[in-house]
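The values are calculated or read from the model by the stated rules, or taken from the named source; none is laboratory data. Nothing here was measured: the structure is a model prediction, and the numbers come from that model. Backbone-built Cβ (ideal geometry, glycine too); neighbour counts: all protein chains shown. Note: areas computed on protein heavy atoms with side chains; ligands, DNA, RNA excluded. Shrake-Rupley method; radii C 1.70, N 1.55, O 1.52, S 1.80 Å.
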Amino acid sequence: MDYLADRTKMIDASGIRKVFALAAELKDPINFSIGQPDFDVPDPIKEAAIDAIRKGFNHYSQTAGLAAVVDRLKAQVKTDYGWDNPPLMVTDGVSGGLLLAFMSLINPGDEIIIPDPYFVIYKHVINMLGGKCVYVSTYPDFKLSADKISAAVTDKTKMIILNSPANPTGAVYSEEEIKAVVDVAKQNDIIILSDEIYEEFSYDRKSLSIGSYYDKSLILKGFSKSYAMTGWRLGYATCSEALAPLMEKMLMIQQYTFVCAPTPLQMSLVEALDYDMTPYVDSYRAKRDRMYNGIKDAYDVAKPGGAFYLFVKTPQQYPNATEFVKKAITSNVLVIPGNVFSEQDTHFRISYATSDEKIDAGIEILLSLAE
Ligand code: PLP
């Protein structure tokens, strides 16, 4: 297949897809592999999108987004970070923002520090652009270690990627952890990219944003998870004036690639930002407790503070996580092997974004697999 570009050799099929292929044969499995909430977009937010289509918001928007939406988001950023009129653009999901940021920042050979385990997209897109991922292990408790990050810095380090609350571990970084890493970034003049897509799903304390601590942070926020609108492809990128040239380049690349985020769906954000999602988050906190309490005596697992995942150590009778996952699938439970999110295959990811009945039934099976 000589016609394919070299960069296609730098990626392989997502391990999640492989699990889905195996799982396709199952009837009514207990699906703990899903990376999106099990609730639907609240009705008033849907109505706002439908209304926007009816009112004719069906054309391209400006590259950065509809002015009314951008203004509303800037007001939010002003409240959260105190930045007046910050650089900001609406993106096609956080994935869109990641691609624009990586294309604007990464030269071949540049090193990007990524806490391991990590969200899958980072690795593959960075590799495609010729960047070098430098993984810093956060096992076994998934806390950020500034010392380990500092030891990984070289003169080629371009960026550190942080993701809190995190996929796949559910870890929520403390102020102390964030400040220590910010010190390392400041000393070495390194940009931090902060993926805050799970911001709303922080169960024990408010999720802290890196942007409040460091002016060279690029902040990516998303709506996919908080409003269960993964198919609407909406997020935004913002930063302080210190990174304004970066945002300008991201806008230019958006102009020649995505063009804009879906216009009528952008309109729904004005409604969404004022909509109280607390009851949904409360129900997910209860699911977190249900899942964690259900398996904690049988499995080695850190209690996650956010997102909707647990990252669990594979019982020692299995040689690795992939073998465990195969066994789980034959027992009708879908989970994802850790090597999809990590350079090691010792853990598996559970998503508890499903009904309480499924969680209870899945706990029973998981307990039997650990015996
Ligand atoms: N970042 C993290 C950590 C995620 O888990 C996901 C989705 O699973 C994304 C980004 C991408 O989200 P979006 O739907 O906004 O592109």
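Between amide H atoms placed 1.01 Å from N, distances below 5 Å from Tyr236 occur with Thr91, Lys221, Gly222, all of them 5 or more places distant or on a separate chain.
So what is the relative contact order for the stretch 263-334, in percent, with contacts set as C-alpha pairs under 8 Å and at least six apart? Could the numbers behind the result be given before it?
Working: 29 pairs, mean separation 12.0, N = 72.
Here the relative contact order equals 17 percent.
Setting aside same-chain residues fewer than 8 positions from Lys296, which lysines have a Cα under 27 Å from its Cα? Excluding near neighbours in sequence, the set is Lys143, Lys206, Lys225, Lys287, Lys313, Lys326, Lys327, Lys358. How much of the accessible area of the chain, in percent, comes from carbon and sulfur atoms when a 1.4 Å probe is used? With neighbouring chains kept in place, the figure for the chain is 51 percent. Close amide H pairs (under 5 Å, H built 1.01 Å from N) link Lys132 with Gly109, Asp110, Glu111, Ile112, residues at least 5 positions away or on another chain. For the chain, the percent of C-alpha pairs falling in each 20 Å distance bin, counted from 0 to the bin holding the largest distance, reads 28, 59, 13, 0. Secondary structure note: in the stretch 57-272, about 35% of the DSSP beta bridges are antiparallel. The figure for Met10 is an accessible area of roughly 90 square angstrom, using a 1.4 Å probe on the protein chains alone.
How many angstrom lie between the C-alpha centres of the stretch 315-364 and the stretch 147-202? When both Cα centres are located, 27 Å separates them.
Evaluate E = 1/(1 + (r/R0)^6) for Asp215 and Leu4, where r is the Cβ-Cβ distance and R0 equals 41 Å; express this FRET efficiency to the nearest 0.05. Spell out each step's value before the answer.
Values: r = 41 Å, r/R0 = 1.01.
In this case the efficiency is close to 0.50.
Determine the per residue accessible area of the chain with all protein chains present and a 1.4 angstrom probe, expressed in square angstrom.
Working: 16290 Å² over 371 residues.
Here the per-residue accessible area is 44 Å².
Could you tell me what percent of the DSSP beta bridges with both partners in the chain are antiparallel, to the nearest 5? Intermediate values should be presented prior to the final figure.
Numbers: 18 of 38 bridges.
Roughly 45 percent of the beta bridges in the chain run antiparallel, per DSSP.
Across the chain, the relative contact order, built from alpha-carbon pairs under 8 Å that are at least six residues apart, equals 25 percent.
This model, with +1 at the C-beta of Lys and Arg and -1 at the C-beta of Asp and Glu, gives the chain a dipole about its Cα centre of some 520 debye. Each residue of the stretch 48-54 was assigned a 3J(HN,Hα) from its phi angle through the Karplus expression (A = 6.51, B = -1.76, C = 1.60, θ = phi - 60°), giving 4, 5, 5, 4, 5, 5, 4 Hz with x at Gly and Pro.
Rolled with a 1.4 Å probe across the full set of protein chains, the surface gives Asp189 an accessible area near 100 Å².
3J(HN,Hα) couplings calculated from phi for the stretch 252-259 with the Karplus curve 6.51 cos²θ - 1.76 cosθ + 1.60 (θ = phi - 60°) are, in sequence order, 4, 5, 4, 4, 9, 10, 6, 6 Hz; Gly and Pro show x.
Residues in the stretch 29-46 carry Karplus couplings, in order, of x, 8, 9, 9, 10, 7, x, 8, x, 8, 8, 9, 4, x, 3, x, 6, 4 Hz; the curve used is 6.51 cos²θ - 1.76 cosθ + 1.60 with θ = phi - 60°, and Gly or Pro positions show x.
Which whole-number percent is the relative contact order of the stretch 24-143 (Cα, under 8 Å, 6+ apart)? Don't jump to the answer; show the numbers that get you there.
Values: 78 pairs, mean separation 19.2, N = 120.
The value is 16 percent.
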